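Asker: Structure provided below as structure tokens; questions to follow.
The values are calculated or read from the model by the stated rules, or taken from the named source; none is laboratory data. Keep in mind it's a predicted model, so treat the numbers as computed, not measured. Because the Cβ atoms are built from the backbone with ideal geometry, glycine has one as well, and the counts that use them run over all protein chains shown.
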Amino acid sequence: MHRTGFIAATLVASLLAAAPLLTGMAGAQIFEPGGPDAAAYGQAEGYPAGTWDNWYEKPHMVWGYSHYDSMVKTHTLPPAARPWAFKRAAAEPAIHYVPDITHVKEGPVLGLADYMARVPATGLLILKDDTILVERYQYGRTDKDRFVSQSMAKTLVSLLLGAAIADGRVKGIADAAETYVPTLKGSPYGQTPLKALLQMSSGVAFEDAAAPGDLFHDIHSGVDEGTALAKYTQRTAPAGSHFQYSCGDSETLATVVRRATGQSLSDYLAAKVWQPMGAEAEAKWEVDASGQEIGCSGFNATLRDYGRLGRLLAHDGAWEGKQLLPKDWLLAATTLDPADAQVAAGTASRLYGYGYQVWILPPKVSPDGRRLFALQGAGGQFIFVDPKTKLVMVQTSVKADGVPLTSPHSETLALWLAVIREWDK
């Protein structure tokens, strides 16, 4: 039998065998004290705590990525009064994958144990709708740990903007940011339409050496974000014409949401998403000196609560029959529009296209060309979503798998595509 046929037959057989048992029976979680290169990550010292100056370096990285919220000021999102519970498969499915999705090089057929031995994931969760298929932890981490999501927070800001539009607090994405943030009046960020900000296409020089602003220094010194963002006075491209991944675009959107709703991002997210979807644990969102959430990073949650978020997105904003987020917003945010050439796959990145603060896999990579998208954060943080099958894969990690997250050679992406392709078969 051809290798791909063998992989398909093996996985389908195992999934079919498990299917009758997906009715709430408790499958085992797997907790490992070690992981790839555990000695360098400080296993012998119990994965020691770090400081603000070294939390992102070995051997403090494992502690830092699971205790980030202990080093910064945060707002708390309380759990639901009655947390929603996942069902569990009786046993893990036998997932197999080939590391290089391009198949340029012949590679081994690997399993889940191989993946965990090769990729420094602190947590891995695979869901089929309401059922946990895989839940693994490494480096001594557990289901009680809150993991920082890095740039996955950008997608949360986009979801909140969609909610604000549905609530009538924001008219639409053709509006300029200055419509809602008076301190941005007349500035490049202020004059940028919200759609261009969502698509990382403001054209504002944020990290250019000649740019006069220093956003994070300002906001951590207590300067209002609108005032800090107004200091960026240079535009390198017309708004909406060129993709440039930038925290400045996300911070501007976060400021718009706060001003338009009159609420903190944490309170708005808690009311719209976190508590209605039945979160089981507190989440923490980093705030600056004036108490404003960092719009491009700093969100911390448990693995299963990230899974609940992924499930909500797989259902296009619906939860148990109730629409928590507008479906039309989720569809627009996670679908590539041919008219937006600057965010097309191959332009926004080597592989992915870009939606509204979310990465989108192009039809040429996606099985049968379906809509697939992902929240991504530096250091190997992911929530992958397949709305068609309601499959979700969440990974927290202490570094990427050795190649750029948007590369077709990413082993994490290879695992995800194997999960959905083999489930289809």
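Asker: For the range 259-283, name all the residues that are touching a helix residue (DSSP H, G or I) at 6+ places or on another chain (Cβ under 7 Å), surrounded by fewer than 22 Cβ atoms within 10 Å (Cβ to Cβ) and not hydrophobic (A, V, I, L, M, F, W, C).
Answerer: Those that are touching a helix residue (DSSP H, G or I) at 6+ places or on another chain (Cβ under 7 Å), surrounded by fewer than 22 Cβ atoms within 10 Å (Cβ to Cβ) and not hydrophobic (A, V, I, L, M, F, W, C): 261, 264, 278, 280.
Asker: If the Cβ limit is 6 Å and pairs must be 6+ apart or interchain, which residue in the range 178-193 that is without any contact (Cβ under 8 Å) to a residue 60 or more places away in the chain and on the phi < 0 side of the Ramachandran plot pairs with which residue that is among the aliphatic types (A, V, I, L, M) and part of a loop (DSSP other than H, G, I, E, B)?
Answerer: Pairs found: 183/230; 187/230; 193/174.
Asker: Now for a separate question. Checking residue 196 against (1) more than 26 Å from residue 145 (Cβ to Cβ); (2) surrounded by fewer than 17 Cβ atoms within 10 Å (Cβ to Cβ); (3) out of contact with any helix residue (DSSP H, G or I) (no Cβ under 7 Å at 6 or more places or on another chain), which single condition isn't satisfied?
Answerer: Status for residue 196: all satisfied but (2).
Asker: Let me ask you something else. Scan the range 26-45 for residues that are closer than 18 Å to residue 123 by Cβ and part of a loop (DSSP other than H, G, I, E, B) and report the count.
Answerer: The number of residues fulfilling the criteria is 12.
Asker: Here is a follow-up. Residue check: is residue 340 surrounded by 22 or more Cβ atoms within 10 Å (Cβ to Cβ), more than 18 Å from the chain's Cα centre (by Cα) and closer than 20 Å to residue 250 by Cβ? Walk me through how you get there before you give the answer.
Answerer: On the way: surrounded by 22 or more Cβ atoms within 10 Å (Cβ to Cβ): no; more than 18 Å from the chain's Cα centre (by Cα): yes; closer than 20 Å to residue 250 by Cβ: yes.
For residue 340, the condition - surrounded by 22 or more Cβ atoms within 10 Å (Cβ to Cβ), more than 18 Å from the chain's Cα centre (by Cα) and closer than 20 Å to residue 250 by Cβ - is not met.
Asker: Being among the small types (Gly, Ala, Ser) and without any contact (Cβ under 8 Å) to a residue 12 or more places away in the chain is the requirement here; does residue 38 meet it? Working first, answer last.
Answerer: Working: among the small types (Gly, Ala, Ser): yes; without any contact (Cβ under 8 Å) to a residue 12 or more places away in the chain: no.
So residue 38 fails the test.
Asker: Do you know which residues across the range 178-196 are among the aliphatic types (A, V, I, L, M) and touching a strand residue (DSSP E or B) at 6+ places or on another chain (Cβ under 9 Å)?
Answerer: Step one: list which residues in the range 178-196 are among the aliphatic types (A, V, I, L, M), which gives 181, 184, 194, 196.
Selection gives 184, 194.
Asker: State whether one or more residues within the range 245-257 are among the aromatic types (Phe, Trp, Tyr) and not assigned by TED's automatic domain parsing to the domain that holds residue 167.
Answerer: If we filter the range 245-257 for residues that are among the aromatic types (Phe, Trp, Tyr), which is where we start, we get 245.
Next, from what is left, pick out any that are not assigned by TED's automatic domain parsing to the domain that holds residue 167: none.
No, the range 245-257 contains no residue that is among the aromatic types (Phe, Trp, Tyr) and not assigned by TED's automatic domain parsing to the domain that holds residue 167.
Asker: Can you tell me how many residues within the range 311-329 are in a strand (DSSP E or B) and either surrounded by 19 or more Cβ atoms within 10 Å (Cβ to Cβ) or not basic (Lys, Arg) (or both)? Spell out how you get there, then give the answer.
Answerer: Keep residues of the range 311-329 that are in a strand (DSSP E or B), which gives 318-319, 322-323.
Subset that is either surrounded by 19 or more Cβ atoms within 10 Å (Cβ to Cβ) or not basic (Lys, Arg) (or both): 318-319, 323.
Total satisfying the criteria: 3.
Asker: State yes or no: is residue 81 modelled with pLDDT of 95 or more, of a type outside the set (Asp, Glu) and within 28 Å of residue 148 (Cα to Cα)? Step through it out loud before you land on a result.
Answerer: Working: modelled with pLDDT of 95 or more: yes; of a type outside the set (Asp, Glu): yes; within 28 Å of residue 148 (Cα to Cα): yes.
Judged against the criteria, residue 81 is a match.
Asker: Something else about it: Is one or more of the residues making up the range 367-388 β-branched (Val, Ile, Thr), farther than 24 Å from residue 164 by Cα, surrounded by 18 or more Cβ atoms within 10 Å (Cβ to Cβ) and touching a residue at least 12 places away in the same chain (Cβ under 8 Å)?
Answerer: First, the residues of the range 367-388 that are β-branched (Val, Ile, Thr): 383, 385.
Next, only the ones that are farther than 24 Å from residue 164 by Cα stay: none.
No, because not a single residue in the range 367-388 is β-branched (Val, Ile, Thr), farther than 24 Å from residue 164 by Cα, surrounded by 18 or more Cβ atoms within 10 Å (Cβ to Cβ) and touching a residue at least 12 places away in the same chain (Cβ under 8 Å).
Asker: Return the residue satisfying two criteria in turn: it lies in the range 199-235 and is surrounded by 19 or more Cβ atoms within 10 Å (Cβ to Cβ) and of a type in the set (Ser, Thr, Tyr), and of such residues it is nearest to residue 344 (Cα to Cα).
Answerer: 201
Asker: Here's a follow-up. May I ask you to list the residues in the range 147-174 that are of a type outside the set (Gly, Ala, Ser) and within 14 Å of residue 297 (Cα to Cα)?
Answerer: So in the range 147-174, the residues of a type outside the set (Gly, Ala, Ser) come out as 147-148, 150, 152, 154-157, 159-161, 165, 167, 169-171, 173.
If the condition is that a residue be of a type outside the set (Gly, Ala, Ser) and within 14 Å of residue 297 (Cα to Cα), then 147, 148, 150, 152, 154, 155, 156, 157 are the ones that fit.
Asker: What helices (runs of 4 or more DSSP H) completely inside the range 201-309 contain at least 3 residues that are within 23 Å of the chain's Cα centre (by Cα)? Talk me through it step by step, then tell me what you get.
Answerer: On the way: elements: 215-219, 225-229, 247-261, 265-269.
In the range 201-309, the matching helices (runs of 4 or more DSSP H) lie at 247-261, 265-269.
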